[in-house]
1. Since residue 304 meets every condition but one in (1) surrounded by 14 or more Cβ atoms within 10 Å (Cβ to Cβ); (2) farther than 28 Å from residue 181 by Cα; (3) basic (Lys, Arg), which condition does it not meet?
2. Pick out the one residue from 377, 347 that is within 21 Å of residue 317 (Cα to Cα), touching a strand residue (DSSP E or B) at 6+ places or on another chain (Cβ under 7 Å) and surrounded by fewer than 16 Cβ atoms within 10 Å (Cβ to Cβ).
3. Can you tell me which residues in the range 127-164 are of a type in the set (S, T, N, Q) and over 18 Å from residue 97 (Cα atoms)?
4. List every residue pair whose Cβ atoms lie under 7 Å apart, where the two residues are 6 or more positions apart in sequence or sit on different chains, the first residue falls within the range 355-367 and is within 11 Å of residue 341 (Cβ to Cβ) and touching a residue at least 24 places away in the same chain (Cβ under 8 Å), and the second residue, located anywhere, is part of a strand (DSSP E or B) and of a type outside the set (A, V, I, L, M).
5. Quick check on my filter: what residues within the range 221-253 are modelled with pLDDT of 65 or more, in a loop (DSSP other than H, G, I, E, B) and in contact with a helix residue (DSSP H, G or I) (Cβ under 7 Å, 6 or more places away or on another chain)?
6. Determine which single condition residue 99 fails, assuming it passes every other condition in (1) within 19 Å of residue 8 (Cα to Cα); (2) without any contact (Cβ under 8 Å) to a residue 40 or more places away in the chain; (3) part of a helix (DSSP H, G or I); (4) under 27 Å from the mean Cα position of the chain (by Cα).
7. Quick check on residue 299: is it surrounded by 17 or more Cβ atoms within 10 Å (Cβ to Cβ), of a type outside the set (Ser, Thr, Tyr) and touching a residue at least 24 places away in the same chain (Cβ under 8 Å)?
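The values are calculated or read from the model by the stated rules, or taken from the named source; none is laboratory data. Nothing here was measured: the structure is a model prediction, and the numbers come from that model. Quick reminder, even Gly has a Cβ in these numbers, built from the backbone with ideal geometry, and neighbours come from all protein chains shown.
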Amino acid sequence: MTTPHTIAVLGLGRMGEAIATRLAAQGWDVVGWTRSGRTSGAVKTTGDPHDAVANAGLVLLTLFDGPACRHVLDDVRDSLRTDTMVLNTSTIAPAEAAELSRQFGPAYVHAPVLGSVPAAAAGALQILAAAHQDALDRVRPVLEALGTVRHVEDASTAAALKLIANNSLAGAVLALRDSLRQADALDLPRAQVLDILQLGQLGGLVARKRPFLAGRPGAVTAEFTIGALAKDMALLAAASNTPLRSAVGLADTPEADIAAAATVPAVADAVLEPLRAYIRGHSTGDPAHFRDAFLPTAHIEGLRDGAFVSWRLDEYCALFPGWPAPDEPTRSRRIDAIDVHGTVATATMTLSHGADTFTDIFLLVRSDDSWRIANKAYHRHS
């Protein structure tokens, strides 16, 4: 099999531009097309995708999502040569990758990549390539110009592995965010904190994203955006039917680099105030604090003496005598996590009360410009 010399790159966003530029520098004849109509300073471009693919032995997709891949391929299908290979580096759902593989058969190579713009420019991507052996042999020189090829058994698996890799990245970004929030709460200098974090498990991420983390977002061009990462996490959650901690808490700036998600400030005091009122209720035994914390319609639910209970707020308040428990000096409470989603929030708290430890899960809502607890469920560890 001969290697295709003319390559049509469909999609000239950040990664598409970097890939097209790398291939052109390696000697391939590259023509690019993008739905936005943006031209490239490094490769030839055309405003018509049919013109881009007409003479191409390889059509390389670097598009945002599965629907874009389907739309573009459906549009240009009749303009493809009979011997044209389709190489898809886009991050899409496993089911979408499997369907494209089924439609195009031996002419389709699904090859999502690990790495961002600098890795593409340096030919240092990690590539998860799924294809028939003959097809993989045809496109291997192109792939090897972009990075290291890892053969995966099928398109669905390659797509799923890419989503898993990005999930770990999302988790690292949020772990970094939590570390920076804690450091800010301790009034530690940001530069010193970054120096130390760079020595640890998050060191590579901190080193790559340091200008963003140090408050200089304009110093570096965004390489992988929050919007793209959030899209990938939504695909993974849908494919696995498993909730993802890393799918929440990302900033509301989809075009910003993922590092911006690590610099989102901690939640406002207004969200924390009902939780603090709840803690005051336990520490003082005064039910008035619970009435401040909860909506009047709230329910408190869990297992008590082996039976499920669902107390209304009045019933719950009646459990408290109005003074602290005798062992109050030995008791402790902490807010473990809180995630805000517009006008609702979820929170988790741990209460150590003598021989018992409680895990409390709260649903909070914003009402009349203040936050209140709508419901609480708890688990008692004895």
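1. (1)
2. Result of the check over 377, 347: 377.
3. 148
4. Final answer for the pair search is 364/371; 364/372; 365/372.
5. Hits for the range 221-253 are 223, 224, 243, 244, 253.
6. The one condition residue 99 does not meet is (1).
7. Yes, satisfied.
Rundown of residues vs (1) small (Gly, Ala, Ser); (2) farther than 22 Å from residue 140 by Cα, yes/no style:
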{"site": "15", "(1), (2)": "no, no"}
{"site": "20", "(1), (2)": "yes, no"}
{"site": "24", "(1), (2)": "yes, no"}
{"site": "35", "(1), (2)": "no, yes"}
{"site": "56", "(1), (2)": "yes, no"}
{"site": "65", "(1), (2)": "no, yes"}
